[in-house]
Amino acid sequence: MDVLFAADETRKTFANLGLWEKGLWYVLILVSTGIFAWGMWRHARKYLRGRSAFTLDRPGRRVRRAVTTTLSHSWIRRRDPVAGLGHLLIFYGFVVLFIGTAILAFQDDFARPILGFDFWHGWFYLGYSLFLDLFGVALVVGLGVMAVKRGILKPFRLDYWRPDRAEGEYDRKPYVIGDWTFLGVLFFLALTGFLLEGFRIAIANPDFEVWAPFGWLLGQMFIAGGLEGGSAESARLVTWWVHGVAALGFVASIPFTKAVHMLVSPAGVAVRDDTAGKVLAPIPADAKPEEVGYGTIADLSWKHLVDLDACTKCGKCHEACPATSSGYPLSPRDLILDLREQAEGAMGIRSALHLPPLHEERESILGDPIRPETLWSCMQCMACVEICPVGIEHVPIINQMRRRLVEQGEMDPLLQGTLETIYTSGNSFGEQKRKRGRWTRDLDFEVKDIRKEPAEHLWFLGDYASFDPRNQRVTQALARVLNHAGVDFGILYDAERNAGCDVRRVGEEGLFTSLAEENVKAISACHFERIFSWDPHSFHTLRNEYPQFGGTWTVLHHTQLLLELLEAGRLMPKPLGYTVTYHDPCTLGRYNGVYDAPRQVLAALGLELREMPRNRDNSFCCGAGGGRIWMQELKRDDTPRPAEMRIDEATSLGKLDYFVVACPKDVTMYEDAIKTSGHQGEIELREISELVLESLDLDTVAVGAAADERETNGKEPV
Ligand code: SF4
Ligand code: SF4
């Protein structure tokens, strides 16, 4: 104990400071913490004005998640380990230096004067010095990594280019200045901290200070340069004040600068809704038109207001977004930043300080700053939500603004027409209900009408699988495979309606509700054990969103069912030996986490799978999702469309036999993209069921040929 707290190895915090100087220091601390507290209170007040969001269930788990993801940086390191490492070094450097300062304050202001206990000596002091010195270096290295990233490497995600505005229409200089100031201030604090240490060591050069190796090295350099004794003390005193005032200034600035993310981002991770974007909240039945969706900043929920401040401008969502990279006027990062500016101008610090608003209207968000074409560009693919390191929920925010546009009747005419078609016919093709089961006519066996006789499985088809000629071939292939495996299944025939997944995602909640209610009623009247679908959109909505309407069943994607059949030996495929790549549909992968079943099916068929660089949770949307398949083109330049980019990505892997998909909309999008991207003849598309059928050596030609010739009324998908 004596050695641990030996009296010699220590230093004086307020060495050579008079009483008034100490008094001034404590006054500055009070001013700094007062400004900090006021700023944070303004933020809290802003969040309190938000609408209620959802129940904060399982608080222990939420806190654990925030702590573990923050400490491990697991979300920050994803897909950019270098920036992740830089941030990790800054984080731990800053936290350790902060804790070190807090320990010092505890010692000087509480333990020694009040408890009479002085612990800042001996081994404790030496260990403390070593620890803070090393973590100070970590902070500097981390800042260096980030500076190189921003200043030299300049990746696309950090360049602040906006896809929704022409050059000159926007000014991102304040953000650039803010980013560099944040790095610069942290660097200045670390630098002045080391200088302070070096000057102090240069005064008397005690041997034990070698425990602060980098400070000691600086001290030796100062001594070698003739700076020691009294002159070193003068330099130390000046640096003490500069460092101290800068540190207090930094604390005071936290609520007003990029530094606020240090507090709000972990909070955002803690309150993140695990089902955000996947399960959309219903509109309360008694909601007035002005309460539907988000039309003003005051409409946002408190959670979404927290999200706006949590954004670190890392640009990961900007980089992952298929709309941004293919020339649509949307960047999820800019959307969040625009909303943040609006929230600040309407009810945050900017408004409290009476600074002029950045946009014409203080409260409104639709039109200015968020343009309708920005909202309609979104494919609701969840790539942004999935990669955001601080748990921001772009997809439900966009969906809420779409709801308000739909409520106001501000839709593109094509979308409006499709919604009317769905309303009148129950499907997006405008086909008569009785034609939904027509694809079964070409089969050489009966498909049960599950409304009339029970079956083990209810097959929910979806519109594309029912009516689109190319997709009907897949549907028939799957039916033959299942029949071959002896699966007992039936369909709803004309009782099935569009499942409503994309209707909900475009913001037409009223139509979605009526579709869901009709389907739940029809399905509930049938007798079955499980539901399956080869349409990931239907699969997703039946599985995750119909429980809001009383429909709670076991729902499978057909790849999961096929895998079960293969594993049970009910399908005995012959190895096909093709080389293929597989595209993860957003609604199957990111929405539902089904990544392995399709790959295991492909492996069971003896296929060599060559993965595209963007696979699994990093998959790239085909461009059809979120109702985009029903809307007019909004692209602003001639960059390839998302599906064309994906085909380019696949063909860059070398010679492949097939581009394999597991979604009807992907069949449509990629068949088209193979032609328009100029890769026709290089690669062909297959839905997974078609490969399973081929591996079974059944008569595959009969179904395809019959389907080609069958009557389709000459209708194209709407
Ligand atoms: S959901 Fe997809 S398309 Fe929409 S903003 Fe996010 S990444 Fe972009
Ligand atoms: S929203 Fe998330 S991913 Fe996008 S820039 Fe902000 S912190 Fe980064």
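Throughout, read-outs are computed from the coordinates displayed, never taken from laboratory work. For clarity, every value in this text was computed on a predicted model and none was experimentally measured. When we count neighbours, we look across all protein chains shown, and the Cβ atoms used for this are built from the backbone with ideal geometry, even at glycine.
Centre-to-centre separation between the Cα atoms of the stretch 88-149 and those of the stretch 237-272: 16 Å. For the chain, 311, 314, 321, 378, 388, 501, 526, 622, 663 have no disulfide-compatible partner, since no other Cys C-beta lies under 4.7 Å from theirs.
What is the antiparallel percent of DSSP beta bridges lying wholly in the chain, to the nearest 5?
On the way: 1 of 23 bridges.
Around 5 percent antiparallel, to the nearest 5.
Using only the alpha-carbon atoms of the stretch 178-272 as identical scatterers, what base-10 log of I(q)/I(0) does the Debye formula give at q = 0.23, 0.25 Å⁻¹? Here the Debye-derived log intensity ratios amount to -1.04, -1.14.
Defining a contact as two alpha carbons under 8 Å apart and six or more residues distant in sequence, what relative contact order in percent does the chain show? Contact order relative to length: 12 percent.
Any idea what the relative contact order of the stretch 566-623 is, in percent, if you count C-alpha pairs under 8 Å spaced at least 6 apart?
46 percent
Proximity of backbone amide H atoms, modeled 1.01 Å from N, is registered between residue 687 and 661 at under 5 Å, excluding neighbours fewer than 5 places apart on the same chain.
With angles folded into 0 to 90 degrees, how steeply does helix 332-347 sit against the dominant principal axis of the chain? Use alpha carbons for both and round to 10. Value to nearest ten degrees: 60. Our summary of shape: the Cα atoms of the stretch 266-408 have principal axis extents of 36, 36, 33 Å, ordered from largest down, in whole angstrom. Ranking 642, 500, 476 by Cα position along the charge dipole of the stretch 414-709, where only Lys, Arg, Asp and Glu carry charges on their C-beta atoms, puts 500 farthest toward the positive end.
Here the Karplus curve 6.51 cos²θ - 1.76 cosθ + 1.60, taken at θ = phi - 60°, turns the phi angles of the stretch 216-229 into couplings of 4, 4, 4, x, 5, 5, 5, 4, 4, x, x, 8, 8, x Hz, with x standing for Gly and Pro.
Please report the net charge: other residues with Cβ closer than 13 Å to the Cβ of residue 217, K and R +1, D and E -1. Write out the running numbers ahead of the final one.
Values: positive: none; negative: 133, 197, 209.
So the environment of residue 217 carries a net charge of -3.
Can you pull out the GluC sites (Glu not before Pro) in the stretch 306-389 whose DSSP state is coil and whose Cβ has at most 11 other Cβ atoms within 10 Å?
Numbers: sites: 319, 341, 344, 360, 361, 363, 373, 386; in loops: 360, 361, 363.
Those satisfying the criteria are 360.
Once the Cα atoms are used to define both axes, helix 664-676 deviates from the longest principal axis of the chain by about 80 degrees.
Under the convention that each Lys and Arg Cβ holds +1 and each Asp and Glu Cβ holds -1, the size of the dipole of the stretch 490-612 around its Cα centre is about 260 debye.
Could you work out the local net charge near residue 548, counting Lys and Arg as +1, Asp and Glu as -1, over the other residues with Cβ closer than 13 Å to its Cβ? Don't skip to the end; give the middle numbers.
Details: positive: 278, 504, 543; negative: 509, 517, 545.
Overall, the nearby charge balance is 0.
Would you calculate, for the chain, the mean residue ellipticity at 222 nm contributed by helices, counting each DSSP H stretch of 4 or more residues as -39,500 (n - 2.57) and dividing by all residues, to the nearest 500?
On the way: 29 runs with 364 residues, N = 718.
After summing the helix terms and dividing by residue count, I get -16000 deg cm²/dmol.
Counting Lys and Arg as +1 and Asp and Glu as -1 over every other residue whose Cβ lies under 15 Å from the Cβ of residue 575, the net charge comes to -3. Using C-alpha pairs under 8 Å with a sequence gap of at least 6, the mean separation divided by the residue count of the stretch 414-709 gives a relative contact order of 20 percent.
Against the main long axis of the alpha-carbon atoms of the chain, helix 509-524 sits at an angle near 60°. Compute the projected area of the convex hull of the Cα atoms of the chain, averaged over all viewing directions, and report it in nm² to one decimal place. Over every viewing direction, the Cα hull of the chain projects on average to 37.4 nm².
The longest part of the chain holding none of the exposed loop trypsin sites (Lys or Arg not before Pro), meaning those outside H, G, I, E and B in DSSP with at most 11 other Cβ atoms within 10 Å, is 13-451.
What percentages make up the Cα-Cα pair-distance distribution of the stretch 414-709 when the bins are 5 Å wide from 0? It works out to 1, 5, 12, 17, 19, 18, 14, 9, 4, 1, 0, in whole percents.
In this Cβ point-charge picture (+1 for Lys and Arg, -1 for Asp and Glu), the chain has a dipole of about 1200 debye about its Cα centre.
The phi torsions of the stretch 176-189, fed into the Karplus equation with coefficients 6.51, -1.76 and 1.60 and a -60° offset, translate into couplings of 4, 4, x, 5, 5, 5, 4, 4, x, 5, 4, 5, 4, 5 Hz, rounded to whole numbers, with Gly and Pro shown as x.
Simple rule: put +1 on each Lys or Arg Cβ and -1 on each Asp or Glu Cβ in the chain, find the dipole, and look at 455, 260, 604; the Cα lying farthest toward the positive end is 260. Averaging Cα coordinates gives a centre for the stretch 653-681 and one for the stretch 499-522; these two points are 30 Å apart. The charge dipole of the stretch 278-410, taken about the Cα centre with unit charges on the Cβ atoms of Lys, Arg (+1) and Asp, Glu (-1), comes to about 340 debye, rounded to the nearest 20.
A simple rule links phi to the HN-Hα coupling: the Karplus curve 6.51 cos²θ - 1.76 cosθ + 1.60 with θ = phi - 60°, which for the stretch 533-550 gives 8, 9, 9, x, 5, 5, 3, 5, 5, 5, 6, 10, 10, 5, x, 5, 10, x Hz, with x for Gly and Pro.
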